[in-house]
Amino acid sequence: MRWLLLVAAVAAGAGLWAARDEERVLFPTPRYVGEGACQRCHPAAYAAWEKSVHAKNMAIPTPETVIGDFGDVEYRFQGTRSRMFRRDGAWLMAYTDVKGRTETLRVDRTLGIKRHQAYLHARPDGRLQVLPTYWNQEERAWRDAVEGPVPGDAPLPTTHVAYWNNYGRTFNLACLDCHASQPRKGYDPATNQYASTFEPAIGCEACHGPASEHVARWDRLERDAPETLAKTGLADLDESIERCAACHAAKRIYAEGFDPGDSFYDWFIPDVWQVRERYYVDGRSSTLNYRYVDYMQNGCFRRTTRTMDCGFCHPPHGLESTADRTVQAGNALCTQCHLEHKTALVAHTHHRPESEGSRCVACHMPPMDLDLRMTVRDHTINSPLPELTRQYGVPNACAHCHADQPVAWAEAAVERWFGGQAHFEGYRARLRDRAQVLSQVFGGGEVPVDRLVAWLDDPERSIIERASAGNFLGSARGNGRALAALLRHRHDAHPLVRFYVVDGLSGHLPASATALREALADPRRVIRVRAYEALHLFDPSLETDAAFAAVRHEAEVRQQIILADDPRHVSDQALWAFTQHRLDDAERLLRRAVAIADPVPAQRTNLVRFLLENQRYDEAERELLVLEANDPAGEPTRFARALFLMHRGRFAEALPVIEALLAGGAEDAPVLRQMRDVARQRLGL
């Protein structure tokens, strides 16, 4: 019921791929020439890449590309059933849902090769939908989506946003930007269809940029001509990491068409610690966050004299893992800088030389169970601190090998080996502080303004800590010290920090309006657009002021291309039109949101509310009946029923529905309590 919450917020504030014969499909532009053009001059790099997970990211199903067992096998999960089999050269999945309905679905693409392999089904409207059962390569077994990519403990109802046939599992909307090269969504709002184009492999040009000029230059043997490719080895540290972060970061997208070498912060903004469900209180990811936030917390890559970017550990063409080598060979990367541990390894590790406990990554990059039936190594490169396990329940590396030992045992060992050492004690103090602050913020308590200001003011802190502090300080509305800190850092040198400072300032309007207006001229697009999105709700003159035409256009492009197929955003646009009394636009947008989301009920609930508030009761009841046919017991449906009964003056019928929603912990409790009070007053209770 996002729309209803935003109403309150505003009031308070004022053919899927191009047809070609070959397996890989190139984005149709002359700038990109495909990895085949690179192979001619770079056969060794191509040979290494061809075996990598990047090369095998997506594929047309063949005996070589399908790793799941389609030998007429069946997988059951709590009343659902999937049967995987071959017929007439096709790979098929017959899925029986929670209502007992069976549909046989063709696999049109594979997705992934290393830990998971998911399977995609092409619909006539251009959507690629991620099928409900996937192959877990680590377990060599089939699993239901809620046992992996969609964490849960029961089969998804057909009205759930992440049910395989709904928009939450549409590849074009949710996956395309990272799981393909040169993606173009190609969504048409008028028809609610896709004509997406992309290169399925993560190929050479995904990292080096379009190669047509480079190839032409060398075909003409113009050795002295300016180089046009983005070479990772020549990039500065941040740019090199950001090139990987374009896919390996949980992020928001602000524009389409990123090329390697472009400014990262003109296109993307990574998430930081603002969502508690995604992080432990020590700052490590608890789910699949694609490692950028974790890596940007570690001190190694900024303190070494070497360029310790992603390619330092992962050879960029082959992507081998150091964990696959012997202890000595695997440690060689780390001991290039930590020479003292190369000559006195056991004195540091307190484990036998060739045991797992003497492998650097075992303690400093342990495998993290992401509750997705898969593991990914921790990239914060921190040291085990078992006391945080005891206090906050976060995982620690000791328990990975010594699961039979209690936390107190590990805590005592760490204290015995490292307690009292200046470096360790400084590290422990920082982690304790972080855990205390994040547990307070994530728990919904009072914002610890003074400690967050200290984070933001400290240039030695990681950019993740500083950016998160900017975001959290936005919740301290009315606190002068919080506002002063945000204003002080609105010109911070790092775009990530600057973005979240602007994001925080949006929570302090109207006092922050002048600073946000300054941010409309920021050199980075993501910051300009975020400032515009915050300001235009409070200052409608921005929509016509010629001085802001450029940033207004950037914001509109984001709405029209990046967010146009997200029903939640379309519903937000409808809200904005509604508050401006543009009722025809509001209705058009609401009906479009319903078309994208159907049968997910939240957007139709918003439409019911709109129709009721415009006294179109017969139409509202027809939409309500659709809701009740699809999801009679769902919270959005019962909320819509309560609204309908209230608008029709049937307070005695509405009251028990409202009270049941409140007793069940409904999301819109404040609105429901107001409705309950009105119903009781009208009934004389």
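The values are calculated or read from the model by the stated rules, or taken from the named source; none is laboratory data. Keep in mind the model is a prediction, meaning the values are calculated, not measured. Cβ atoms come from the backbone with ideal geometry, glycine included; neighbour counts cover every protein chain shown. Remember, those area values only see protein heavy atoms, side chains included, never the ligands or the DNA or RNA. Shrake-Rupley method; radii C 1.70, N 1.55, O 1.52, S 1.80 Å.
Miscellaneous remarks
- Panel values: the stretch 211-308, Kirkwood radius from alpha carbon pairs, Stokes-Einstein at 25 °C and 0.890 mPa s, translational diffusion coefficient 156 µm²/s.
- Rounded to the nearest whole angstrom, the semi-axes of the ellipsoid equivalent to the stretch 156-205, taken from the Cα gyration tensor as √(5λ), stand at 24, 15, 6, largest first.
- Kirkwood analysis of the stretch 360-462, using all unique Cα-Cα pairs, places the hydrodynamic radius at 15.2 Å.
- Solvent exposure of the stretch 506-661 amounts to 42 Å² per residue of accessible area, where only protein heavy atoms count and the probe is 1.4 Å.
- Ligands, DNA and RNA left out, the 1.4 Å accessible surface of the stretch 183-329 is 52% carbon and sulfur atoms.
- Extreme residue, positive dipole direction of the chain, given options V150, Q117, V98 (C-beta unit charges): V98
- Close amide H partners of F268, meaning residues 5 or more places away or on another chain with modelled amide H under 5 Å apart, are Y254.
- Of the accessible area of the stretch 431-511, computed with a 1.4 Å probe over protein heavy atoms only, carbon and sulfur atoms account for 48 percent.
- Accessible surface for the stretch 380-458, divided over its residues, is 49 Å² per residue with a 1.4 Å probe.
- Taking a quarter of the surface of the Cα convex hull of the stretch 454-493 gives a mean projected area of 2.5 nm².
- Kirkwood Rh, angstrom, the stretch 614-685 [1 / mean 1/r, Cα pairs]: 12.4
- Neighbours of T637 by Cβ distance under 10 Å: Lys/Arg scored +1, Asp/Glu scored -1, total 0.
- Sparsely packed GluC sites (Glu not before Pro) within the stretch 145-243, loop by DSSP, other Cβ within 10 Å at most 12: E222, E227
- With q set to 0.09, 0.10, 0.11, 0.21 Å⁻¹, the log10 of I(q)/I(0) for the stretch 273-410, from the Debye formula over equal scatterers at the Cα positions, is -0.28, -0.35, -0.42, -1.51.
- Seen from V441, the other residues with C-beta closer than 11 Å to its C-beta sum to a net charge of +2, counting Lys and Arg as +1 and Asp and Glu as -1.
- P(r) weight above 23 Å for the stretch 489-618, C-alpha pairs, percent: 42
- If you wrap the tightest convex hull around every Cα atom of the stretch 37-193 and split its volume per residue, you get 138 Å³.
- Accessible surface, the stretch 168-230, averaged per residue in Å² (probe 1.4 Å): 43
- Each Cα pair under 8 Å and six or more residues apart adds its sequence gap; the mean of these over the residue count of the stretch 346-480 is a relative contact order of 12 percent.
- Amide H contacts of D108 (H built 1.01 Å from N, under 5 Å, at least 5 apart or other chain): L120, H121, A122
- Loop-located trypsin sites (Lys or Arg not before Pro) across the stretch 58-109 with a Cβ neighbour count of 14 or fewer within 10 Å are K99, R101, with loop assigned by DSSP.
- Entries of K114/K251; K56/K342; K99/K251 with Cα pairs more than 26 Å apart: K56/K342; K99/K251
- Start at zero, step by 10 Å, and the Cα-Cα distances of the stretch 562-685 spread as 14, 42, 35, 9, 1, 0 percent across the bins.
- Look at the alpha carbon pairs under 8 Å that are at least 6 residues apart: their mean separation over the length of the stretch 93-189 gives a relative contact order of 18 percent.
- Evaluated at q = 0.29 Å⁻¹, a Debye calculation over the C-alpha positions of the stretch 640-679 (equal weights, vacuum) places log10 I(q)/I(0) at -0.97.
- Per the Cα gyration tensor, the chain maps to an equivalent ellipsoid with semi-axes of 41, 33, 29 Å, ordered largest to smallest.
- Packing-based ranking, highest mean first, of 338-351, 517-530, 666-679, 273-286 given that Cβ atoms within 10 Å are counted: 517-530, 273-286, 666-679, 338-351
- Whether the stretch 436-520 is rounded, prolate or oblate, judged on the alpha carbon gyration tensor where a/c under 1.5 counts as rounded: oblate
- Proportion of all alpha-carbon pairs of the stretch 131-284 beyond 24 Å (%): 52
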